[in-house]
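J.: Submitted below is the structure of interest, expressed as structure tokens.
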Amino acid sequence: MIKLLRIDHRLLHGQVAFSWSGYLDANCILIANDACVHDELRKTTLRLAKPSTCKLIVKGIDESIEQLNSGKADKYNLFIIVEDVEDAYRLAKAVDRIKHINIGGLKATEKTHPHPSNHNINLTNQEEEMLTELEEAGKTIELRMVPNDPIKKLH
């Protein structure tokens, strides 16, 4: 069962690994990221950051979509983490069972602007359009860093 799709530019770190996985009762974390699949150092770092109670899987976006749609991950309480809005958009558009998207942290760049309700979330206009499209398709999108933060909506 897909518990949550989280967007966080840091991928797997303390608050994600322990706060969110415990809150979600996740027993498997899927890092869906094309770059990580080919970066052994980064995969090793991610393995070190995961809770001992969770299995960690690192797949590219297309392979993640294929696995999620095949039902192979249905035996897990699955917590999916992506690095950016575009990857979340690709997953959420292709996998109907992704219903809930959490935005936890998106770093500022020269092309982004901070979200009015959370300075840790920085979006481009195109990213806002992608997220709006997902909302209009019935996906729930929330902004919060940790589970006990108040839930804020994108709009």
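The values are calculated or read from the model by the stated rules, or taken from the named source; none is laboratory data. It should be emphasised that the depicted structure is a prediction, and the values quoted were computed from it without experimental measurement. Here the Cβ positions follow ideal geometry from the backbone for every residue, glycine too, while neighbour counts run over all protein chains shown. Each accessible area value is taken on the protein alone, full model and side chains, heavy atoms only, with ligands, DNA and RNA left out. Shrake-Rupley method; radii C 1.70, N 1.55, O 1.52, S 1.80 Å.
J.: Kindly report the accessible area of the chain per residue (heavy atoms of protein chains, probe 1.4 Å, no ligands, DNA or RNA), in Å².
T.: Value returned for the chain: 50 Å² of accessible area per residue.
J.: Another question, then. Using a ≥ b ≥ c from the Cα gyration tensor of the chain (square roots of the eigenvalues), is it rounded, prolate or oblate, where a/c under 1.5 gives rounded and otherwise the larger of a/b and b/c decides, a/b for prolate?
T.: Cα axes put the chain in the rounded bin.
J.: Could I ask something else about it? Of 155, 114, 45, whose Cα points farthest to the positive end of the dipole of the chain (charges on the beta-carbon: +1 Lys, Arg; -1 Asp, Glu; origin at the Cα centre)?
T.: Selected residue: 45.
J.: Report the antiparallel proportion of the DSSP beta bridges in the chain as a percent, rounded to a multiple of 5.
T.: Of those bridges, close to 20 percent are antiparallel.
J.: Report Rg(Cα)/(2.2 N^0.38 Å) for the range 15-89, keeping two decimals.
T.: The value comes to 1.04.
J.: Over the chain, with every protein chain in place, what whole percent of the accessible area is carbon and sulfur at 1.4 Å, could you tell me?
T.: 50 percent
J.: Taking the Cβ of residue 126 as the center, what net charge do the other residues with Cβ under 10 Å away carry, scoring Lys and Arg +1 and Asp and Glu -1?
T.: Charge balance in the 10 Å sphere: -3.
J.: Of 149, 8, which has the most accessible area and how do the rest follow, probe 1.4 Å?
T.: Heavy-atom accessible area, descending, gives 149, 8.
J.: While we're looking at this one, here's another question. Starting with the highest mean, order 76-89, 125-138 by the number of other Cβ atoms within 10 Å, averaged over the residues of each peptide.
T.: Taking the mean over residues of other Cβ atoms within 10 Å, the ranking is 76-89, 125-138.
J.: From the square roots a ≥ b ≥ c of the eigenvalues of the alpha-carbon gyration tensor of the range 2-52, which class results: rounded (a/c under 1.5), prolate (a/b over b/c), or oblate?
T.: Because a/c hits 1.5 or more and a/b exceeds b/c, the range 2-52 counts as prolate.
J.: Please state, to two decimals, what the Cα-based radius of gyration of the range 54-127 comes to when divided by 2.2 N^0.38 Å (N = residues).
T.: Compactness ratio reported: 1.24.
J.: What figure in square angstrom, to the nearest 10, would you give for the accessible area of residue 70 with a 1.4 Å probe?
T.: 70 Å²
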